[in-house]
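Quick note: the coordinates plus some simple rules give every number you see, no bench work behind them. Treat the numbers as computed from the prediction; the structure is a model and nothing was measured. FYI the Cβ positions are ideal-geometry reconstructions off the backbone, even for glycines, and counts take in every protein chain you see.
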Amino acid sequence: MRTVFTILLALAFLAGCGGKPASNMPPPGVGGAASVGGGIPGVPAPAAGVESSDANPRFTILKPYFKDFLRRPLDSKVNIFRTNLDRFTPTVEIDADPEQAEIGPKTPLEYYDTASYRLVLIMSGTAQAKALVIDPRDKAYIVQVGTLIGNRNGKVTSISATAVTIDEPGYPPVVKTLESPLEDMERELSAVQEF
């Protein structure tokens, strides 16, 4: 049923087309571009040795601009009022650093100052060194080179066997070192002796 309908539709379309391609250009010799003034009464026919471009001297002036117009894509529209509109557009100066604009939402490591984090453990014998830091609320985080830490856009730049270096733009680098167990025990003993 569908095939019969499509065949009938195709036949009706071909019968309506007529077979000859329709053109909106007049055929040569009937007042078209080939006969400049030859078919129009009252207009003299051009001389045999004269080209059609010399028939109108004003066209020679416009010819380069007309060719540029023909090469221009149809989508490009020229706004003739653009030069006048530029005077009225406000100028806005943005003093934001492009690096800060690219930074996404803050991680939990970026809420506190880098001095408030404690370095607990360093695992440096692997392919990529990692360290364990604890924030002021005693929550542990694993950091590696390139991790953002601190509220001043700090970044972990190096992890050695005993220290982690954090660089903050505009500030001196912060170096977190591991405390030996003896120092930790001495601190606890001095706290007990005070009471």
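A simple charge model with +1 on the Cβ of Lys and Arg, -1 on the Cβ of Asp and Glu and nothing else charged puts the dipole of the range 108-186 at about 300 debye relative to its Cα centre. Once C-alpha pairs closer than 8 Å and six or more residues apart are averaged by separation and normalised to the residue number of the range 108-186, the relative contact order reads 26 percent. Sequence-ordered 3J(HN,Hα) estimates for the range 128-135 from the Karplus curve with 6.51, -1.76 and 1.60 and θ = phi - 60° stand at 10, 5, 9, 9, 10, 10, 10, 7 Hz, glycine and proline given as x. Taking label positions 7 Å along the Cα-Cβ direction at both Lys67 and Met185, the computed distance is 9.4 nm, reported to one decimal.
Remark on Ser160: its backbone amide H falls under 5 Å from those of Thr165, a criterion applied only to residues 5 or more positions apart or on other chains, H modelled at 1.01 Å from N.
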